[in-house]
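For reference, the structure discussed in these notes is given below.
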Amino acid sequence: MANLASTYRDQGRWKEAEELQARELDICARVLGDEHPDTLTSMANLASTYRNQGRWKEAEELQ
């Protein structure tokens, strides 16, 4: 899921990337917990997608 989201982000397909990354973050947080490295990576990936779109406030909330 993360690889597909990354591909979408690289193609500028922001909405699709964001949807997958948000879903991945939700799953990781539920299954692994908020402090697990994979959850934190998912959070950083979503924040990066927000930053690339100039959505600074949303990105900052995740960092």
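The values are calculated or read from the model by the stated rules, or taken from the named source; none is laboratory data. Small disclaimer: the values here were computed from a predicted structure and weren't measured. Using ideal geometry, Cβ is built from the backbone for each residue, glycine included, and neighbour counts are taken over all protein chains shown.
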- Item | Residues (crowded, with 18+ Cβ neighbours inside 10 Å and under 17 Å from residue 15 (Cβ atoms)) located in region 41-61 | 45, 46, 47, 49, 50, 59
- Task: Go through region 22-38 and give me each residue that's more than 15 Å from residue 61 (Cα to Cα) and in contact with a Leu (Cβ under 7 Å, 6 or more places away or on another chain).
- Result: 38
- Message: Being in a helix (DSSP H, G or I) and at pLDDT below 95 is true for just one of 23, 9. Which residue is that?
- Response: 9
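I'd like to know if region 22-40 contains one or more residues that are of a type in the set (A, V, I, L, M) and surrounded by fewer than 12 Cβ atoms within 10 Å (Cβ to Cβ). Can you show your working first?
Initial filter on region 22-40 (of a type in the set (A, V, I, L, M)): 22, 25, 27, 29, 31-32, 40.
Of the ones still in play, those that are also surrounded by fewer than 12 Cβ atoms within 10 Å (Cβ to Cβ) are 31.
Within region 22-40, one or more residues are of a type in the set (A, V, I, L, M) and surrounded by fewer than 12 Cβ atoms within 10 Å (Cβ to Cβ).
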- Task: Among the residues of region 26-63, count how many are touching a Phe, Trp or Tyr at 6+ places or on another chain (Cβ under 8 Å), polar (S, T, N, Q) and assigned to a helix (DSSP H, G or I).
- Result: 2
